[in-house]
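Have a look at the structure below, then the notes.
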Amino acid sequence: MDKLSENLYFRDVFLSHANLDKEQYIKPFVEVLEEREITYWYDEAELSWGNSLLAQLSDGLSKSKFVTVFITDQFLERNWPQAELRTAMNEEITTGTLKVLPIIICEPEKILKLHPFLRDKKYLRWNNEIPSMVEELEKVLGRSYSNKWTFSHPKEFRGHVWIKIIPKNENKKKIHEFTIEWGRWEYKGKIDFKKDSSVILDFKKISEERSWPIEFSITPSAFVISGRGNPVIDINKGWKCKDNTGKRKAMIRKRVQSIMPDTNKDDAVLIE
């Protein structure tokens with residue numbers, strides 16, 4: 001499994017809930033998660049006919065960074081979602097690492113009486129302001145927005161290197177201008193985010209005498225991550241040499257191809 005596939009396989013959050021709460025709470029929450037490019041495990045999307053419910057739920061719990069628990073009266077009346085809560089809390093207690101993020105939609109005393117171990121946890125109250133709750137989730141995930149980013153990759157690595165750009169919610173309709181500086185090479189471009197999508201820029205890392213850091217700057221600010229894997233938008237064409245030779249580096253091809261399951265290649269356009 002390559003690095004990019006690995007990143008797609010592990011989810012940011014597992015959504016634990018009672019089945020009767022799907023329409024009112026879970027689906028609206030999922031819509032905002034998708035807008036913010038937060039990966040999630042959601043049984044309706046993950047479970048297929050004939051698959052083991054227990055096995056897939058266990059897999060989803062173990063391979064999600066956090067478990068967001070939607071605690072309603074319906075949740076408290078059903079054993080299965082409460083078992084998910086106990087399993088996640090047991091992992092949190094055993095590892096000493098934050099795992100459970102409760103959203104309480106019923107009277108708090110009801111859940112605290114049944115699960116007193118939640119008394120020491122900070123929880124959110126459902127207030128129908130889903131974007132503000134997702135912003136709290138972004139903070140827990142460590143997602144921040146900035147104009148400048150620095151990434152590095154092992155000197156011995158050869159192959160595709162990618163940078164994923166996620167715009168701020170309020171800036172999704174704006175043109176973003178970016179510059180990549182990598183050793184003596186520089187690349188400038190613009191991105192027009194269409195249909196509220198993210199963009200992944202891909203280029204190649206070849207043999208080098210030393211491992212140069214990648215300096216990435218973007219305006220307006222955005223959330224940016226970097227990794228190694230298969231190409232999505234190849235930008236090997238258009239690099240300029242910053243030393244005295246002033247030569248243009250023109251390599252291979254440029255192509256636009258989506259490997260993200262929810263992304264259409266027309267969602268975002270790289271503007272030369």
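Values for this structure:
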{"quantity": "Residues of segment 189-204 classified as free of Cβ contacts under 8 Å to residues at least 60 places away in the same chain and open to solvent by 10 Å² or more (accessible area, probe 1.4 Å), total", "calculated": "1"}
{"quantity": "Every residue from segment 2-27 that is in a helix (DSSP H, G or I), open to solvent by less than 40 Å² (accessible area, probe 1.4 Å) and either in contact with a Pro (Cβ under 6 Å, 6 or more places away or on another chain) or at pLDDT 90 or above (or both)", "calculated": "Asp21, Lys22, Tyr25, Ile26"}
{"quantity": "Odd one out for Arg255 among (1) modelled with pLDDT under 75; (2) open to solvent by 40 Å² or more (accessible area, probe 1.4 Å); (3) within 28 Å of Glu135 (Cβ to Cβ); (4) not polar (S, T, N, Q)", "calculated": "(3)"}
{"quantity": "Condition met for Trp149 (surrounded by 14 or more Cβ atoms within 10 Å (Cβ to Cβ) and in contact with a helix residue (DSSP H, G or I) (Cβ under 8 Å, 6 or more places away or on another chain))", "calculated": "no"}
{"quantity": "Test: Glu129 is closer than 23 Å to Thr68 by Cβ, surrounded by 14 or more Cβ atoms within 10 Å (Cβ to Cβ), without any contact (Cβ under 8 Å) to a residue 40 or more places away in the chain and out of contact with any Pro (no Cβ under 8 Å at 6 or more places or on another chain)", "calculated": "no"}
{"quantity": "Every pair of residues 6+ apart whose Cβ atoms lie under 9 Å, when the first sits in segment 107-120 and is open to solvent by less than 80 Å² (accessible area, probe 1.4 Å) while the second is aromatic (Phe, Trp, Tyr)", "calculated": "Pro108/Tyr123; Ile111/Phe75; Ile111/Tyr123"}
{"quantity": "Single unsatisfied condition, Lys194 versus (1) at pLDDT 85 or above; (2) more than 30 Å from Val100 (Cα to Cα)", "calculated": "(1)"}
{"quantity": "Selection status of Thr179, at pLDDT 90 or above, among the hydroxyl-bearing types (Ser, Thr, Tyr) and either surrounded by 14 or more Cβ atoms within 10 Å (Cβ to Cβ) or under 18 Å from the mean Cα position of the chain (by Cα) (or both)", "calculated": "yes"}
{"quantity": "Within segment 59-83, tally of residues that are farther than 17 Å from Thr97 by Cα, touching a residue at least 24 places away in the same chain (Cβ under 8 Å) and in a helix (DSSP H, G or I)", "calculated": "7"}
{"quantity": "Filter result for Thr87 (out of contact with any strand residue (DSSP E or B) (no Cβ under 8 Å at 6 or more places or on another chain) and buried (at least 16 other Cβ atoms within 10 Å of the Cβ))", "calculated": "yes"}
{"quantity": "Subset of segment 123-167 (residues that are farther than 18 Å from Tyr187 by Cα, polar (S, T, N, Q) and over 14 Å from the mean Cα position of the chain (by Cα))", "calculated": "Asn127, Asn128, Ser132, Ser146"}
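The values are calculated or read from the model by the stated rules, or taken from the named source; none is laboratory data. Computed from a predicted structure; not experimentally measured. Neighbour counts are summed over all protein chains in view; Cβ atoms, including those assigned to glycine, are modelled from backbone coordinates with ideal geometry. SASA here: full protein model, heavy atoms, side chains in, ligands and nucleic acids out. Shrake-Rupley method; radii C 1.70, N 1.55, O 1.52, S 1.80 Å.
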